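Participant: Below is one structure. I have some questions about it.
A short reminder: the numbers here are calculations on the coordinates, not readings from a lab. Predicted model only: the values in this text are computed from it and were never measured. Methodologically, a virtual Cβ is constructed for each residue, glycine included, from the backbone with ideal geometry; neighbour enumeration extends over all protein chains shown.
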Amino acid sequence: MRLDFLVIDPQNDFSDASGAALPVPGAGADAERLAGLVDRLGNRIERIHVTLDTHQLVDIAHPVFWRDDDGERPPPFTQITVEDVESGRWRAFDARLQQRALAYVRALRANGRYTLTIWPPHCLIGTWGHNVMPAVAGALRRWEEAGFKRVDYLTKGHNPWTEHYSAVQADVPDPADPTTQLNFGLLKTLENADLVALSGQALSHCVANTIRDIADYFGRESVRKLVLLEDTSSPVPGFEGLAKQFLADMRERGMRTARTVDFPDSTTNSGSIERA
């Protein structure tokens, strides 16, 4: 059996350690459980894919991009709607970018994605927050050394004009930027595995969007090879409802779940979702 792992954004800025820009309660314990599982399974894991949320300060989803009538930036977690941009309630700091910003929020709405959310600057290139959490990084290093293999690291989110929750594609793909478009290479690699263990942060956003996009590409039978390690992923505070809905939807589509102590010998379609 070919077993692959897909670990989504296991980075310091999503940890619950001091200094994290966007802390996810429980992420530190999630990381420890994931690391223990990687160590336990060792060479039984054929491939490990790790996505890295990757940003710079100037980004359409960061406060620095926007201003209101008083010249103030939106605080983190502000939701900016199409109507907000059309009315001028929120405007691009650089007036030359206003029309493109308006086109973006309209495209988000048309695609049925999240309303534009302003996040604290996070996972900035070159910072501590961009690095993989130490527990996971250590386990990945040991797996590489023991099996003479390389972790497949995949960056996402560097394009400043689109949110990129999903590791498979940006919320609004940019025709001029292949890194925002559907990642067929990753999808085909995962489809060739017999079992894909899924983990990472945060359950309500990047994990949920990635798995939904994978399932949309897979046929129903292939969706059954997806197994979410439910005790290695937690939601962003305030978005627990999104995580619960995601789990309910994906179990209905055939995704299975397991706890790290039981994987890969025991998985279920109807496990508890109270953690979410």
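Participant: How big is the shadow of the Cα convex hull of segment 63-117, averaged over all directions, in nm²? Walk me through the numbers on the way to the answer.
Facilitator: Numbers: hull surface 13.6 nm².
Quarter of the Cα hull surface area: 3.4 nm².
Participant: If you bin every alpha carbon distance in segment 44-187 into 10 Å steps from zero, what whole percent lands in each bin?
Facilitator: Distribution as computed: 11, 36, 30, 15, 7, 1 percent.
Participant: How large is the translational diffusion coefficient of the chain in µm² per second when you combine the Kirkwood radius over alpha carbon pairs with Stokes-Einstein at 20 °C and 1.002 mPa s?
Facilitator: Working: Rh = 19.1 Å.
D = 112 µm²/s.
Participant: Take peptides 180-187, 117-124 and line them up by average Cβ neighbours within 10 Å, highest first, as a rough protection proxy. The partial results should precede the final answer.
Facilitator: Numbers: 180-187: 16.2, 117-124: 20.0.
Ranked from most to least packed, the peptides come out as 117-124, 180-187.
Participant: Just to be sure I understand: if I project the alpha-carbon convex hull of segment 80-143 onto a plane and average over all orientations, what area do I get in nm²? Write out the running numbers ahead of the final one.
Facilitator: On the way: hull surface 27.2 nm².
So the Cα hull casts an average projection of 6.8 nm².
Participant: A follow-up question, please. Once a ≥ b ≥ c are taken as the square roots of the eigenvalues of the Cα gyration tensor of segment 1-109, is the result rounded (a/c under 1.5), prolate (a/b larger than b/c) or oblate (a/b not larger than b/c)?
Facilitator: On the way: a/c = 3.78, a/b = 2.35, b/c = 1.61.
Taking the square roots of the gyration eigenvalues as a ≥ b ≥ c, segment 1-109 is prolate.
Participant: For segment 133-182 and segment 50-75, what is the separation of their Cα centres, given in Å?
Facilitator: Answer, in whole Å: 21.
Participant: Give the residue list of chymotrypsin sites (Phe, Trp or Tyr not before Pro) in segment 46-151 that are DSSP loop and have at most 10 other beta-carbon atoms within 10 angstrom.
Facilitator: On the way: sites: Phe65, Trp66, Phe77, Trp90, Phe93, Tyr104, Tyr114, Trp128, Trp143, Phe148; in loops: Phe77, Trp90, Phe93, Tyr114, Phe148.
Qualifying residues, ordered by number: Phe148.
Participant: Work out the FRET efficiency for Glu252 and Arg150 from their Cβ-Cβ distance, taking R0 = 30 Å, and round it to the nearest 0.05. Before the final figure, lay out each step's value.
Facilitator: Numbers: r = 36 Å, r/R0 = 1.19.
According to the calculation, E is roughly 0.25.
Participant: A further question on this structure: Considering only DSSP states other than H, G, I, E and B, which GluC sites (Glu not before Pro) in segment 1-94 qualify as loop sites with at most 11 other Cβ atoms within 10 Å? Kindly include the intermediate steps, with their values, before the conclusion.
Facilitator: Working: sites: Glu32, Glu46, Glu72, Glu83, Glu86; in loops: Glu72.
Loop-located and lightly packed - Glu72.
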